[in-house]
Amino acid sequence: MPEGDATPVPDFTIDPLDGDEDLTGVLEVEDESFTNPWTRDMYRWELQNRQVCHIYVVRTADCRVAGFCAFWLVFDEIHINNVAIRPRFRGAGLGTALLRHVFREATRLGAHRATLEVRASNAGAIKLYERLGFREEGRRRQYYSQPVEDALILWRDEPPGGPD
Ligand SMILES: CC(C)(COP(=O)(O)OP(=O)(O)OC[C@H]1O[C@@H](n2cnc3c(N)ncnc32)[C@H](O)[C@@H]1OP(=O)(O)O)[C@@H](O)C(=O)NCCC(=O)NCCS
């Protein structure tokens with residue numbers, strides 16, 4: 001691709017979720033990204049247990065929450081529940097940077113494996129996950145609604161030598 005055509009990567013930072021304003025941003029990203037978005041109550045319930053429930057947000061200069069990743073830490077595994085980037089920021093590397101950050105944090109917290117479920121038709125996300133080392137290890141039939149669809153169950157082992 002000619003140099004001028006590449007999507008510019010915006011400057012960004014990645015932080016743990018901090019307060020209600022961040023949660024409002026997360027809910028906006030949910031609404032822009034999923035047909036069945038999680039609600040504020042669902043997140044508030046999750047966030048009662050900060051030992052297990054972890055949320056990181058990506059910030060850009062002009063957007064407090066451009067994307068987020070929510071995961072559970074369960075023993076030495078992380079279960080990624082939601083990851084999304086606002087449509088206008090997609091394809092610029094933020095999703096990759098966010099997941100790599102999450103893997104580093106998870107390792108720091110003692111995790112060595114990561115798992116997630118993804119719609120079987122979500123080719124873009126699956127491509128991203130495979131590039132980050134996830135492999136399909138199972139399938140849940142008709143797991144999703146709106147539309148009804150199978151979930152692929154992906155797992156990722158920490159690469160030898162730690163997270164990259
Ligand atoms: C999946 C998602 C988080 C990726 O975030 P992102 O910031 O766009 O990802 P990146 O820019 O880091 O993309 C990295 C790679 O992912 C793949 N990818 C991401 N979106 C893609 C798409 N729509 N089509 C094809 N490949 C895609 C590509 O391999 C891409 O690499 P490339 O740009 O060199 O081709 C984002 O597309 C999103 O929020 N999607 C909607 C919500 C969702 O489906 N979440 C996952 C639920 S399990």
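Rule-based calculations on the coordinates, nothing more; no lab input. In this text the structure is predicted, and so the values were computed from the model without any measurement. Using ideal geometry, Cβ is built from the backbone for each residue, glycine included, and neighbour counts are taken over all protein chains shown.
DSSP finds beta bridges in the chain, and of those with both partners inside it, around 90 percent are antiparallel.
Working from Cα pairs under 8 Å separated by at least six residues, relative contact order for the chain is 18 percent. Taking 0.36 nm per residue of sequence separation and removing the Cα-Cα distance, the Arg64/Tyr143 pair yields an extension gain of 25.2 nm.
Taking the Cα atoms of the range 52-112, the ratio Rg/Rh between the radius of gyration and the Kirkwood radius comes to 1.00. Between Asp31 and Arg135, the contour length at 0.36 nm per residue exceeds the alpha carbon distance by 34.6 nm. Calculated from the alpha-carbon coordinates, the range 10-157 shows an Rg and a Dmax of 14.5, 41 Å respectively. With +1 on each Lys and Arg Cβ and -1 on each Asp and Glu Cβ, and nothing else charged, work out how big the dipole of the range 107-164 is about its Cα centre, in Debye to the nearest 20. Rounded to the nearest 20 debye, it is 80 debye. Using a Gaussian network model of the chain with C-alpha springs under 10 Å, which one of Ala70, Ala61, Ala97 is most mobile by mean-square fluctuation? With Cα springs under 10 Å in the chain, the top fluctuation among Ala70, Ala61, Ala97 is at Ala61. When Thr96, Thr39 are arranged by Cβ crowding within 10 Å, least crowded first, meaning fewest neighbours, the order is Thr39, Thr96. Among Ile55, Ile78, Ile126, the largest mean-square fluctuation in a Gaussian network model of the chain, built with springs joining Cα atoms closer than 10 Å, belongs to Ile126.
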